[in-house]
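Structure record follows, encoded as structure tokens.
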Amino acid sequence: KLVEAKMKNSRGFNYREADVPQYVLPDPLQTTRGQALTAEHWPQQREQLLQTFRDHVYGNRPETAYRVQFSTVAQRSGVFDGTVDAREVKITVLAGEGEYSFSLLLFVPRRPNSGDAAKLPAIVHLNNRDFPTLDSAINESSEFWPVRAICDEGFVAAAVSTHEIDPDKAGRFEDGIRGFLSKASGASGEKPADPHAWAALSAWGWGVSRAVDYLLTLPTVDAERIAVVGHSRGGKAALWAAAEDTRIAIAYSNNSGCGGAALSRRRFGETVARITTAFPHWFCDRFATYADREQDLPVDQHQLIALLAPRAVYVASATDDLWADPRGEYLSLIHAAPVFQLLGHQAIDNRQMPAADQPRYVGRTGYHLRTGGHGLTPSDWQNFMRFIKQLED
Ligand code: GTR
């Protein structure tokens with residue numbers, strides 16, 4: 001019924017599996033020169049694939065030199081009944097004559113039985129929705145970022161907000177990190193005409209990497225277990241953040257859909273034409289030229305998943321979120337599996353989707369289809385944390 005309602009609401013978009021066009025995906029096991037990929041060749045292949053994604057989908061980051069400074073601007077000790085220390089850190093990017101700042105919220109579980117000097121895994125949430133402050137995160141529990149539950153499971157919980165890094169609005173280039181770095185490089189600070197320049201999703205991912213810079217200064221944090229989580233537009237950016245930054249060990253994309261985990265060639269739910277019209281500031285301008293000709297894209301999103309190999313990646317869908325194409329998100333994982341396997345790791349490769357609310361974890365990849373609609377919920381978080389924990393065995 002929900003499905004029918006949605007079909008009526010978005011005329012012109014396909015929600016029928018039978019109407020998915022025939023498509024051929026780029027073979028993840030073929031090199032750009034048409035040879036069979038080997039494990040030895042993967043690092044070079046990965047670089048080339050990454051560059052293709054930059055040029056056609058997410059854009060190229062600038063080469064402007066910058067430095068980063070961190071300062072703690074607020075601290076709350078012993079929150080959540082004395083179990084956690086919280087702080088707000090100002091991340092300042094210095095370039096040219098100027099500076100640009102955004103904040104990072106950080107919650108570090110205390111370890112009372114510290115025969116336990118073991119380092120803790122950390123999860124950076126790229127928050128695109130509830131934009132918490134330090135005190136709201138402490139005092140108003142949120143289902144979207146259930147910070148206390150994350151700490152209770154033994155994770156360091158960190159968050160940055162999308163719009164503080166780069167505004168989530170077309171036409172506001174000058175107000176974000178992209179405009180700042182452009183000005184610092186001596187350019188006008190206006191949006192460049194270059195169709196391959198980075199856009200907001202990449203800028204948000206860059207912000208996540210600056211949060212990782214900070215986490216790596218903390219002796220409590222296990223540098224080998226830093227994860228990123230994002231929902232929807234945040235999920236697209238989370239995958240891209242981890243593609244660009246191999247210090248991120250695990251990426252979690254929640255209901256990320258078109259331009260995230262979903263295969264573009266399926267044209268199921270949201271399409272390239274629609275997303276680049278509704279959100280022209282998310283992707284490099286060249287991506288919009290693939291509207292209604294997805295088959296000409298030199299890559300598809302299964303290769304974005306493959307870019308994370310042999311690190312770990314988790315994709316989550318929701319039963320009623322057909323706009324994000326759950327099956328297309330799942331198939332990306334399946335079609336990326338050969339790369340994980342080539343590199344000596346297991347990955348989900350069973351084309352049959354798991355039933356709703358039955359998470360599937362195989363080797364370095366995880367998936368679940370949550371009952372319900374578009375959203376990030378405590379159960380999504382729990383599944384993801386369980387996935388990370390079982391990776392350790
Ligand atoms: C939708 C958009 C999606 C998704 C989502 C969100 O309207 O069509 O691509 O990113 O917004 O971020 O919530």
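Computed from the coordinates by the stated procedures, all read-outs in this text should not be read as laboratory data. All figures in this text were calculated on a predicted structure; none of them were measured in a lab. Quick reminder, even Gly has a Cβ in these numbers, built from the backbone with ideal geometry, and neighbours come from all protein chains shown.
Spin-label pair Thr92-Thr371: with each label point 7 Å from Cα along the Cα-Cβ axis, the two points sit 5.2 nm from one another.
Are any of the pairs Lys90/Lys183; Lys191/Lys389; Lys90/Lys169 more than 31 Å apart by Cα-Cα distance, and if so, which? Could you put the intermediate results ahead of the total?
On the way: Lys90/Lys183 21 Å; Lys191/Lys389 43 Å; Lys90/Lys169 23 Å.
Those over the limit are Lys191/Lys389.
Here the 3J(HN,Hα) profile of the stretch 373-379, calculated from phi with Karplus coefficients 6.51, -1.76 and 1.60 at θ = phi - 60°, is x, 4, x, 10, 10, x, 5 Hz, Gly and Pro shown as x. Applying 1/(1 + (r/R0)^6) with R0 = 30 Å to the Cβ-Cβ distance of Glu143 and Tyr23 gives a FRET efficiency near 0.25.
The stretch 342-371 and the stretch 54-73 have Cα centres separated by 32 Å.
Give me the number: length gained by fully extending Ala193 to Ser136, i.e. 0.36 nm times residue separation minus the C-alpha to C-alpha distance, one decimal in nm. Display every interim value, and only then the final one.
On the way: separation 57, 0.36 × 57 = 20.52 nm, distance 3.98 nm.
Contour length minus the Cα-Cα distance gives 16.5 nm.
Given labels modelled 7 Å from the Cα in the Cβ direction, how far is it in nm from Thr217 to Asp349? So the label points at Thr217 and Asp349 sit 4.4 nm apart.
The distance between label points at Arg110 and Gln51 comes to 5.2 nm (points 7 Å beyond Cα on the Cα→Cβ vector).
From largest to smallest, what semi-axes in whole angstrom does the chain give when each is the square root of 5 times an eigenvalue of its alpha carbon gyration tensor?
Working: eigenvalues 189, 132, 90 Å².
The equivalent ellipsoid of the chain has semi-axes of 31, 26, 21 Å.
Loop-located GluC sites (Glu not before Pro) across the stretch 45-144 with a Cβ neighbour count of 10 or fewer within 10 Å are Glu63, Glu97, Glu140, with loop assigned by DSSP. Count Lys and Arg as plus one, Asp and Glu as minus one, and take only other residues whose Cβ is under 15 Å from that of Trp42; the net charge is then +1.
Maximal additional length on extending the Lys169-Arg386 stretch stands at 74.6 nm, based on 0.36 nm per residue less the C-alpha distance. Taking every alpha-carbon pair under 8 Å whose residues sit at least 6 apart, the chain reaches a relative contact order of 17 percent. For the pair the stretch 91-105 / the stretch 243-309, the C-alpha centres are spaced 28 Å from each other. Counting only DSSP H runs of at least 4 residues, each contributing -39500 (n - 2.57), and dividing by the residue count of the chain, the helix-based mean residue ellipticity at 222 nm comes to -9000 deg cm²/dmol. Computing FRET efficiency as 1/(1 + (r/R0)^6) for Arg293 and Ser77, where r is the C-beta to C-beta distance and R0 is 45 Å, gives about 0.20. Were the residues from Glu224 through Thr32 laid out at 0.36 nm apart, the gain over their Cα-Cα distance would be 66.1 nm.
Would you please put 339-345, 169-175 in order of how densely packed they are, using the mean number of other Cβ atoms within 10 angstrom per residue and starting with the highest? Walk me through the intermediate numbers first.
Numbers: 339-345: 18.7, 169-175: 14.9.
Going from most to least packed, we get 339-345, 169-175.
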